[in-house]
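J.: Have a look at the structure that comes next, please.
FYI, it's all coordinate maths here, none of it is from the lab. Predicted model, so just to flag it, every value in this text is computed and none were measured.
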Amino acid sequence: MRLVCALAFNIKSFGDKKASNTTLMNIISTIVHRYDIILIQEHVNKGSPFHPPFRYGHIVSEPLGRSSYKERYLFLYRENTVSVVKSYTYDDGCEPCGTDTFIREPFVNFALIPQHTSPSSAVKEVDALYDVVADVRNRWNTNDIVLLGDFNAGCNYVTGSEWQQIRLFTDKSFHWLIPNDADTTVSHTNCPYDRYKQTHTSTWMHTQTLTLNHISYSAFGMLFSLSFSGIGVSDHFPVEVKLIG
């Protein structure tokens, strides 16, 4: 049996300015070192991709987006725990034309599918991840698939009957590890934007699922004696899941 601790973290506007802030980087580093696999979202520096000052292997996507604003997906991983076999970026269509499905198309690695959706098209993009899962299965012949990231899947971005438009929700072969009543935001909103989803056919089983904001004031609060929003780390809490298989 193997235990892997994974983290999805939307670090708001994570570019050169934030990376040069020693206080913020010390906090981010402390968080990162608790995990085996880390997905960092909103990696936005315009030059060469950020090379993390951590003792981790890493891979990073190309800049993704339809406009001059682009983001990268950054994966960090413990090389003594996991290794990269293959990775690719899902081709969702013509970005300059604006006819592609995703603002930032999923970058696929280790049968982990990361996605940071655009709030204005969250329903469409979360639903389209169903097609990405099919593509991963076809390419890699695997059912060990976990989807993770800031899906903006809740509150005003995905409401009521709109859930019936999302195949990942209506197809009961997918298990949503973060419930709809969770809160993954730092602000006063109560929204489960950050999610994990898993195929029921996966040989990995989640042993524990929690959004870290539920323990932030005890665990992270005591650890840093500061609030995430107060020092500008992010407007999202890190969200972890422990998988065993």
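J.: Please state the relative contact order of region 151-195 as a whole percent: Cα pairs under 8 Å, 6+ residues apart? All intermediate terms of the calculation are to be shown ahead of the outcome.
T.: Values: 48 pairs, mean separation 20.0, N = 45.
Relative contact order for region 151-195 comes out at 45 percent.
J.: Moving to a separate point now. Quick check on my link table: of 12/70; 17/70; 12/86; 18/197, which ones sit more than 18 Å apart, alpha carbon to alpha carbon? Before the final figure, lay out the partial values.
T.: Working: 12/70 13 Å; 17/70 16 Å; 12/86 28 Å; 18/197 29 Å.
The answer is 12/86; 18/197.
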